[in-house]
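Note sheet for the following structure.
The values are calculated or read from the model by the stated rules, or taken from the named source; none is laboratory data. All figures in this text were calculated on a predicted structure; none of them were measured in a lab. Because the Cβ atoms are built from the backbone with ideal geometry, glycine has one as well, and the counts that use them run over all protein chains shown. Keep in mind that these areas ignore ligands, DNA and RNA; they rest on the heavy atoms of the full protein, side chains included. Shrake-Rupley method; radii C 1.70, N 1.55, O 1.52, S 1.80 Å.
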Amino acid sequence: IWVKRYRAKVIPNASRAAASEPIASGNRLGLALTLASKAMHFTFGVSEYFSANGVAAAVFGGLVVGSTVAFKTGVVGEVLGVSGSTRGMIVKPAFGKAAFIIGLIVAGIITSHTFGNMEPLPPPVHDGDSDMRARIFARLAIGGFLVGFGTALGNGCTSGHGLTGLARLSLRSWVAVPTFMFFAMLTATLSCTADAFPPDPASEGEAPGWKESLAWAACIVAGLAICALAAGLVAKRMTAESAAKVAGFLDWRSGAWDPSLAFVMGGGLAVTFPFWQYLERRGPSSPLLGGAFGTPPRTKAVDRDLVLGAVIFGVGWGVCGICPGPAWVLLGAVPTAEVVVVLAGLLLGMVAWRLLAKWRGAKACLAAAEAPE
């Protein structure tokens, strides 16, 4: 029955779309992607804004993000983690971490002037009633706080645990990623996050074709010496309507699921997985700039803080739809009150984690001092 309906509805629609969509004109790859996206629309109730162009842009974006992760580790010797760099600015400020964050902000500014239309929230929030605006601000503040506290407690987010930890086959990351993804989807679905952050048709229509995406990816990869800027530029696909994109992916109740972020992660892992397997088995003993690789041991045990931090991060991510990387890029691209609220909540969450860590450390020292000889 499904095959009959697919042949009757999806294939004719895809054939008509092939004439209008640049990606599908005159090439088999474009037609195949168009057919695949139409099939997903038909079968799973996928968002109408998820198209063949979106698949190509997401995959190429993921490839560039993965290349940036590999570049920073291979040249500098550090793991690319946005939440880790942000947390490091609070615990022990360092020039390298500050430069990375500043690079993301500057990249957001450049990206906004290059591509335009990077509104993180839908127009009705700005023009609608004050009650809706207040609810959005509350959602962003609470979500930002939980994201900041959870990523600090769990020692990573989608970039550190997702693109690096999974590629290294780290047990901690293979526990953390499914945990925060499950709780993010559960929270987004129960709290109707997709209703709070609906997609903007004007921005969604600007998704580049696969050839344009490939050209941009090649240019950015060729200039990986400015790795933070490259990460910020490719974040266009992740931060344009960032909350809406994430909400469309996490909220299964909406009936318009947008799997774009899965393709971004897949494209990133396609680079980072072989890179890390080579680096840890046959790679050089030191990065190109000298020194040692600052990578955590893969055998570190899974503890309560990791799981609890992943749960809290997942809940916060599901509530506000923005994680640390896109938040910093959006600060440069569209420094609106909403973005400032998310970042303020994120930083407050990390400060709260720092205070908790100090209290726990002092308590442990006191218990050790009072222990019998």
Worksheet item: Given a Förster distance of 45 angstrom, what is the FRET efficiency for residue 134 paired with residue 285, based on the Cβ-Cβ distance and rounded to 0.05?
Response: 0.20
Response to the item:
Applied in sequence order to the stretch 324-331, the curve 6.51 cos²θ - 1.76 cosθ + 1.60 (Karplus, θ = phi - 60°) yields integer Hz couplings, x standing for Gly and Pro, of x, x, x, 4, 5, 5, 5, 4
Worksheet, complete the sentence: Around residue 293 (Cβ within 13 Å, Cβ-to-Cβ, excluding residue 293; K/R +1, D/E -1) the net charge comes to +1
Practice prompt. Report the residues of the stretch 294-314 in range of a label on residue 360: point 7 Å along Cα→C-beta, backbone N strictly under 15 Å from it.
Written response: 301-313
Response to the item:
Checked against a 24 Å limit on the C-alpha separation, the offending pairs among 97/245; 97/358; 92/358; 72/358 are 97/245; 72/358
Response to the item:
Expected field for residue 67, accessible surface area in Å² at 1.4 Å probe radius, rounded to 10, holds 20 Å²
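Would you mind getting me the FRET efficiency between residue 277 and residue 182? Use the beta-carbon distance for r and R0 = 30 Å, nearest 0.05. Intermediate values should be presented prior to the final figure.
Numbers: r = 26 Å, r/R0 = 0.88.
Approximately 0.70, to the nearest 0.05.
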Worksheet item: Tell me, what is the FRET efficiency for residue 169 and residue 292 to the nearest 0.05, using R0 = 25 angstrom and their Cβ-Cβ distance as r?
Response: 0.75
